[in-house]
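Enquirer: Encoded as structure tokens, here's the structure I'll be asking about.
The values are calculated or read from the model by the stated rules, or taken from the named source; none is laboratory data. Note that the structure is a prediction, hence the values are computed from the model and not measured. Using ideal geometry, Cβ is built from the backbone for each residue, glycine included, and neighbour counts are taken over all protein chains shown. Note: accessible area is taken over every heavy atom of the protein model, side chains too, but ligands, DNA and RNA are not part of it. Shrake-Rupley method; radii C 1.70, N 1.55, O 1.52, S 1.80 Å.
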Protein chains: 2
Amino acid sequence: MNIIAYAHNGFHDKFGIPRQAREDSVLETRIVFTDPYRQPEAIRGIEGYSHLWLLWQFDIPQAANPLEGGKGESPSLTVRPPRLGGNTRMGVFATRSPFRPNPIGLTSVRLLRIEDGDLIVLGADLKDGTAIYDIKPYLPWTDCHPEATGGFAEATRDYRLCVEWGSAAQEITEAQRLALNEILSQDPRPAYQHDPERVYRLDYADLHVAFRVADGILYVQEVRESRL
Amino acid sequence: MNIIAYAHNGFHDKFGIPRQAREDSVLETRIVFTDPYRQPEAIRGIEGYSHLWLLWQFDIPQAANPLEGGKGESPSLTVRPPRLGGNTRMGVFATRSPFRPNPIGLTSVRLLRIEDGDLIVLGADLKDGTAIYDIKPYLPWTDCHPEATGGFAEATRDYRLCVEWGSAAQEITEAQRLALNEILSQDPRPAYQHDPERVYRLDYADLHVAFRVADGILYVQEVRESRL
């Protein structure tokens, strides 16, 4: 497998990466091609598409792969989706879990612009530095199925937290606030932790944010620049 | 890369495979899992989804890869989509061409049923025997973008031939005729050949069909069982 590009964005660690991008996402990712694919010819005509597919590498240390199987089951064929509370086992091919026989992720993104030979896209659920294997145009007449119905994960898809900024909003620009708002409203807490007293910390781009969650509201306690 | 399954259908050679599946496709493909993935656990919950993604292997002999580049261009970064008449070069990442840095195809299919541990799907544009790398559920709220706009290929997407069966229709069942109708109406002729006198021959499943195309109408000249 050839790595054709790397993704660069503000998600320096996994915590906070949206599980599914929203259509109105404001979170930019820059796709930087590697040699020999970094040529204008390779993307000739791509500006004619509004959306693209990214095929990318799930960055999972082999030892961390929890596909250990359950009692009386074959190993490596089921996963426990966090959205189901972590106790229900689903077949690996019935989930988008990163723990798969071939660790390839699939994400549709919106193409915002081309800049210095890089693609700037919106809505990628990729960590900074993710290796990309392929980029394909999104073809609505073959890729879009509005009538599709979608299993268990659908039940929680509209779950959003209200984000209460308080005076912390004054520390950052409106663009920064909108980006963090998108990340925080998706509830970046680990699926099994719901302690209303606990303070969680998240880094995005050059910002560090601390928050609590209680009764469906996320309270921003602090936000500041985190990098030199 | 692990091969998790093989696709089986009536497309024993490439000629006639739909370039893009229609939502109302009647062409069935059977997905047969390989060991150790051939276990009920691996697809547990998959019946909750109406549509699936297949990630599969483009079966292209390395020597046949025409990514030779044009005058003054880097090699291997552009392709000539048949739909553009074969003369226009597009960037490989702006097409769904099989000739790519990593030969992985992406196709959404409709899940019809599960049968003896196999998945029966509709609308796959895969040749019989194609190796499959991954199956993922189609999640409409993240995979479906009705507002997406789609470049040059869009111009020809509604192109269909009328199929004139004549007396040949009497040789086959109605189900067979519907399947062949779907294949033939998409104009399986090579993109650069438009000789109205020429008789083309196509095999699908255990059927052999001969046809001519003139003035936007495909005339079936003969249809018969082709295999023992």
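Enquirer: Chain pair A, B: how much accessible area is buried, both chains summed, with a 1.4 Å probe, in Å² to 100?
Expert: 6100
Enquirer: Let me ask you something else. Around B:TYR204, which amide H atoms from residues at least 5 apart in sequence, or from another chain, sit under 5 Å from its own amide H, with H modelled in the peptide plane?
Expert: Amide H to amide H, under 5 Å and 5 or more residues apart or across chains, B:TYR204 pairs with B:VAL209.
Enquirer: For B:ARG22, which inter-copy label distances result when the label point lies 7 Å beyond Cα on the Cα-to-Cβ vector, reported in nm to one decimal and in ascending order?
Expert: 3.9
Enquirer: Follow-up. Peptides A:196-202, A:52-58: what's the order by average Cβ count within 10 Å, highest mean first?
Expert: Top of the packing list down: A:52-58, A:196-202.
Enquirer: If you don't mind, another one. Between copies, how close do the B:GLY166 label points come, placed 7 Å along Cα→Cβ, listed in nm from shortest?
Expert: Here B:GLY166 shows inter-copy label distances of 8.3 nm.
Enquirer: For the rotation that brings chain A onto chain B, whose beta-carbon in chain A is nearest the axis, and what is that distance in whole angstrom?
Expert: Nearest residue, distance rounded to whole Å: A:CYS144, 2.
Enquirer: Taking each residue in A:103-112, count the Cβ atoms of any other chain within 10 Å of its Cβ, then average. What number comes out?
Expert: For this peptide, the per-residue mean of nearby foreign Cβ atoms is 3.
Enquirer: Also, quick follow-up: Compute the accessible area of each residue in region A:27-44 twice, once for its chain alone and once with every protein chain present, using a 1.4 Å probe on heavy atoms, and list those whose area falls by at least 20 Å².
Expert: A:TYR37, A:GLN39, A:GLU41, A:ALA42, A:ARG44
Enquirer: For a quick check of understanding: with a 1.4 angstrom probe and all protein chains in place, what accessible area in square angstrom does B:SER167 have, to the nearest ten?
Expert: Approximately 80 Å² for this residue.
Enquirer: When the chain is fully extended, how far beyond the present Cα-Cα distance does B:ARG38 get from B:HIS8, taking 0.36 nm per residue of separation?
Expert: Net length gain for the segment: 9.3 nm.
Enquirer: Distances from B:ILE3 to the same position in the other copies: list them in nm, one decimal, shortest first, using label points 7 Å from Cα along Cα→Cβ.
Expert: Values, ascending and in nm: 2.8.
Enquirer: Go ahead and run the numbers for FRET between B:HIS208 and B:GLU47, Cβ-Cβ distance against an R0 of 41 Å, rounding to 0.05.
Expert: 0.70
Enquirer: Please give the per residue accessible area of chain A, computed with a probe of 1.4 Å over protein heavy atoms only, in Å².
Expert: I get 46 Å² per residue for chain A.
Enquirer: Here's a follow-up. When the accessible area of region B:165-228 is split by element with a 1.4 Å probe, what percent falls to carbon and sulfur?
Expert: That fraction is 47 percent.
Enquirer: Further question on the same structure: So for the pair A:GLU197, B:TRP141, with labels modelled 7 Å out along Cα→Cβ, what separation do we get in nm?
Expert: With each label point 7 Å from Cα toward Cβ, the separation is 3.3 nm.
Enquirer: So which residue, out of A:ILE132, A:ILE114, A:ILE183, gets the largest mean-square fluctuation from a GNM of chain A using Cα contacts under 10 Å as springs?
Expert: Comparing A:ILE132, A:ILE114, A:ILE183 in a Gaussian network model of chain A, the most mobile one is A:ILE114.
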